[in-house]
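For reference, the structure is listed below as structure tokens.
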């Protein structure tokens, strides 16, 4: 599980900002949503929601997590040796030439870890990994430029991995390429992190062809993995179908239509997804491109959603409610918050403008006060991230009304905004 994430000097995030999944002691201790997890003193929350005006930096906080994941998985294997480090520091002032810092605190199999690194334009300036087995801190490794210090508790090919680690690759990334078993759980945690943001969608793994291929594999139910290194639970295909059927998109079933393309004396089969809608007509099948934006959004997040629920992973989604009905977005939040439907403590972190999640439209408020975070920009244009608990709202306070009234900040200043009409 994710315990805390901190970042500084990334896009609009100039100074260090953090979100924590640790439950506040000010909240109701009888609430079933926070989870007591071995290895962490405080209970952990399964959901965190970020609110804020457009361009306030909500998405940048999530994309900072995506940058860490990319560096851990691909810096050694895929980045050009002399290509430097792809990063986006704060755009003006002295921070433009200063390094960026990312720190993630994790809980894996009852052990707490802190992993972080400092990245310049051409090399990683620092990198470290601390562990707390049995509650006692151990320094596994620390990096200062290309000088590495290894703790006595890190057992493996330390010096060999050090030699193959490039200035612009992470030691953790190089270690996995060297089959470093002790570090594998940390690497697997980042590999299992599911992120749905604008930057992640621009990468090949989320482009249409690859996304389409994964769903084809799912519908065929071949039993193979859906992505490199991934594992599909046997029930995933059925769960995916049921999720689409029960999401009120009118979809009854999914099938593959194979079309034959002939090239000279060769033939190729090209699969096409078809979706059957809730009508009496037997031929009521439509292709993916004819589905609504809401249906396509749900198709995009349904698979990672089911995977993290099944494995206890973390799902990060930008604009969860985009093109989805508010009741469907609320249902997804409820799924993660309820221990009965989320028995493996999967976590959902998302940005949203849906204030219904703050109110009582769905009965009791779907979000605790310590699950709500806000982003806004200060006078220098830098993003500031802060929790709702900073304002200590009363237990019976209407959070939705308070937010829309600007009581907690993080709303747009619209000025004298109007459209059309005559000048006075």
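Descriptive notes on the structure:
- Within the range 294-309, the set of residues being farther than 20 Å from residue 66 by Cβ and surrounded by 20 or more Cβ atoms within 10 Å (Cβ to Cβ) comprises 295, 298, 299, 306, 309.
Yes or no, residue by residue, for (1) surrounded by 15 or more Cβ atoms within 10 Å (Cβ to Cβ); (2) free of Cβ contacts under 8 Å to residues at least 40 places away in the same chain; (3) within 21 Å of the chain's Cα centre (by Cα):
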| position | (1), (2), (3) |
| --- | --- |
| 26 | no, no, no |
| 48 | yes, no, yes |
| 58 | yes, no, yes |
| 62 | yes, no, yes |
| 85 | yes, no, no |
| 97 | no, yes, no |
| 106 | yes, no, yes |
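- Looking only at the range 310-329, and only at residues there that are in a helix (DSSP H, G or I) and surrounded by fewer than 21 Cβ atoms within 10 Å (Cβ to Cβ), the one that is modelled with the lowest pLDDT: 326
- Listed by position, the strands (runs of 3 or more DSSP E) enclosed by the range 1-119 that each have at least 1 residues that are assigned by TED's automatic domain parsing to the domain that holds residue 144, touching a helix residue (DSSP H, G or I) at 6+ places or on another chain (Cβ under 6 Å) and under 24 Å from residue 141 (Cα atoms) are 2-8, 100-108, 111-119.
- Residue 175 being buried (at least 18 other Cβ atoms within 10 Å of the Cβ) and in a helix (DSSP H, G or I): yes
- Of the residues contained in the range 149-165, none is found to be part of a strand (DSSP E or B), under 19 Å from residue 67 (Cβ atoms), at pLDDT 95 or above and in contact with a helix residue (DSSP H, G or I) (Cβ under 8 Å, 6 or more places away or on another chain).
- Only listed residue being under 30 Å from residue 51 (Cα atoms) and either modelled with pLDDT of 75 or more or out of contact with any strand residue (DSSP E or B) (no Cβ under 7 Å at 6 or more places or on another chain) (or both), chosen from 236, 299, 226: 299
- Among the residues of the range 334-366, the ones that are out of contact with any strand residue (DSSP E or B) (no Cβ under 6 Å at 6 or more places or on another chain) and either in contact (Cβ under 8 Å) with a residue 12 or more places away in the chain or at negative phi (or both) come to 23 in all.
- Checking residue 273 against (1) on the phi > 0 side of the Ramachandran plot; (2) surrounded by 19 or more Cβ atoms within 10 Å (Cβ to Cβ), the condition it does not meet: (1)
- For the range 378-389, a residue qualifies if it is modelled with pLDDT under 95 and either in a strand (DSSP E or B) or under 13 Å from residue 351 (Cα atoms) (or both), and the qualifying residues are 386, 387.
- Considered as a group, the residues in the range 178-221 that are more than 25 Å from residue 158 (Cβ to Cβ) and in a loop (DSSP other than H, G, I, E, B) include one that is modelled with the highest pLDDT, and that residue is 193.
- The lone exception for residue 332 - which of (1) farther than 15 Å from residue 297 by Cα; (2) not in a loop (DSSP other than H, G, I, E, B) it fails: (1)
The values are calculated or read from the model by the stated rules, or taken from the named source; none is laboratory data. Note that the coordinates shown come from a computational prediction; the quantities given were computed from them, not determined experimentally. Backbone-built Cβ (ideal geometry, glycine too); neighbour counts: all protein chains shown.
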